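The values are calculated or read from the model by the stated rules, or taken from the named source; none is laboratory data. Quick caveat: nothing in here was measured; it's all calculated off a predicted structure. As a convention, Cβ positions derive from the backbone with ideal geometry for all residues, glycine included, and neighbour counts pool all protein chains shown.
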């Protein structure tokens, strides 16, 4: 019980307090421990622990092949890939002119070939899938279901169009005409009256046209309706405000959780 | 009394010239001390039996519902504790929530599949899941291979988890931990197989992806509150109340700083609050 409960809590408390308050103490030893030694200890531990993971992976995949579970053929690729990487990393360099160690990054070696022509394209393929998933996720998120979804759609459209070269070619007066059109549609939904709808539309068009004529139709004026400026404002104001609110919550959450670990209040991590 | 003693000791230390203390970090030190004291105060209140009201968090309520759904459908629960190691507080939080989920799967006799991307997370996850199954009186249902290692690489891990999803078609997918670009790949695949999905992360850039693709998302602090909420332990609930108080305190500090900054810009006061608050 002592080894599985009290000792781990004691280690977490001591190292946690040292890391937290070490930042305020002007002592090179503590500073070096917090910034370098502690993280290096973790890296060393993690490096040894990789054997556990690799053995577990091989055990599961091997069992799948031996018992011919569904999809066992894929496990052959996993086992084959693992053995191939071990051979290329530790047994066969493929180029005797290169020393062991640097062979993982030197051209002409088996490991580098594996990295460049198998690993990198496969990773890039998975990453490229993201583009399609973003499209499908955006399709669902941008459907006009309620006010919030509509706001998301409108701001998303403004950001997307405002950030591409086409966006800077769209005159703010065109956006104003669009807004007049949207306003008249809203008036029609609200009042269900053709005369009011026509009045809003005509009044809006006349006002925008007179205003534009007097101003000389500058593309980027009034700037509030110019898409690059508008997207910039949305990105730097409402977006940042929301993001900072979330950040403050996350920061407090991390702080409170860390304090709970340091004080030994939260003991779930040792299974209690 | 302990707090008073410590405060007095620090004042004496400060007046004695505070050797070895980084003076320029005093504001941060005081902030941390006040915040930690607030948390400890509410934890002690909770230990004394004080009852706190907790706002309902739909995502956490849905965890049990998701496990129940998996039981009804006879399909496994897939739990992904992020792609980072145990040196990240989000991973630790994710592994702790795994303990609560494992209790539920033990209770409902539902199979649990936890693919991980770090060996240390695998060991920690196994220990916590084993403990949960034992606590629920079902150690016979626990197998070491419930929590299994896939790979350390981000996209290889995503490919592996996607393969598990497509082959096993779990009824519930839970993503709790630190995520990067693979978040949407995982969540969209989970969506495509019709699984009920609950995500929790403090990775700010991934929150919109999870909100879009998952049924419930624990955003930031909600994720860290999950352990307390699911366990209902008084000392943890006290910590949550303390966290809410800190939020009120930070909000007040932001408003006060805003006014002080405005007064400084107008020249009404000759002191800039930003210089005072900036971490040295």
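Structure data summary
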read-out: Residues (surrounded by fewer than 19 Cβ atoms within 10 Å (Cβ to Cβ), under 18 Å from the mean Cα position of the chain (by Cα) and either free of Cβ contacts under 8 Å to residues at least 60 places away in the same chain or farther than 16 Å from residue B:199 by Cβ (or both)) located in segment B:35-63; value: B:54, B:55, B:56, B:61
read-out: Neighbours by Cβ (under 7 Å, 6+ apart or cross-chain): first from segment B:126-147, more than 13 Å from every other protein chain (Cβ to nearest Cβ); second loosely packed, with under 14 Cβ neighbours inside 10 Å; value: B:141/B:109
read-out: Selection count, segment A:216-272, where residues are part of a helix (DSSP H, G or I) and out of contact with any strand residue (DSSP E or B) (no Cβ under 9 Å at 6 or more places or on another chain); value: 39
read-out: Among the residues listed as B:124, B:129, B:172, B:102, the single one being within 23 Å of the chain's Cα centre (by Cα) and more than 26 Å from residue A:5 (Cα to Cα); value: B:172
read-out: Filter result for the condition that a residue is buried (at least 24 other Cβ atoms within 10 Å of the Cβ), more than 14 Å from chain A (Cβ to nearest Cβ) and at pLDDT 95 or above, over B:80, B:116; value: B:80
read-out: Output for segment B:219-248, where each listed residue is without any contact (Cβ under 8 Å) to a residue 24 or more places away in the chain and more than 7 Å from chain A (Cβ to nearest Cβ); value: B:228, B:232, B:233, B:244, B:248
read-out: Selection within segment A:217-268 - outside the structural domain of residue A:166 (by TED's automatic domain parsing), at negative phi and touching a residue at least 40 places away in the same chain (Cβ under 8 Å); value: A:258, A:261, A:262, A:263, A:267
read-out: Counted residues, segment B:151-162 - those being surrounded by 20 or more Cβ atoms within 10 Å (Cβ to Cβ) and either more than 9 Å from chain A (Cβ to nearest Cβ) or within 23 Å of the chain's Cα centre (by Cα) (or both); value: 3
read-out: Complete set of residues in segment B:46-76 that are touching a strand residue (DSSP E or B) at 6+ places or on another chain (Cβ under 8 Å) and within 24 Å of residue B:221 (Cα to Cα); value: B:57, B:58, B:59, B:60, B:62, B:63, B:65, B:66, B:67
read-out: Filtered residues of segment B:6-23 (kept if surrounded by fewer than 11 Cβ atoms within 10 Å (Cβ to Cβ) and assigned to a helix (DSSP H, G or I)); value: B:8, B:9, B:11, B:12, B:15
read-out: Matching residues, segment B:175-207, being within 9 Å of chain A (Cβ to nearest Cβ) and over 17 Å from the mean Cα position of the chain (by Cα); value: B:181, B:182, B:184, B:185, B:187, B:188, B:189, B:191, B:192
read-out: Sole residue being assigned by TED's automatic domain parsing to the domain that holds residue A:213, loosely packed, with under 14 Cβ neighbours inside 10 Å and over 20 Å from residue A:211 (Cβ atoms), chosen from A:197, A:150; value: A:150
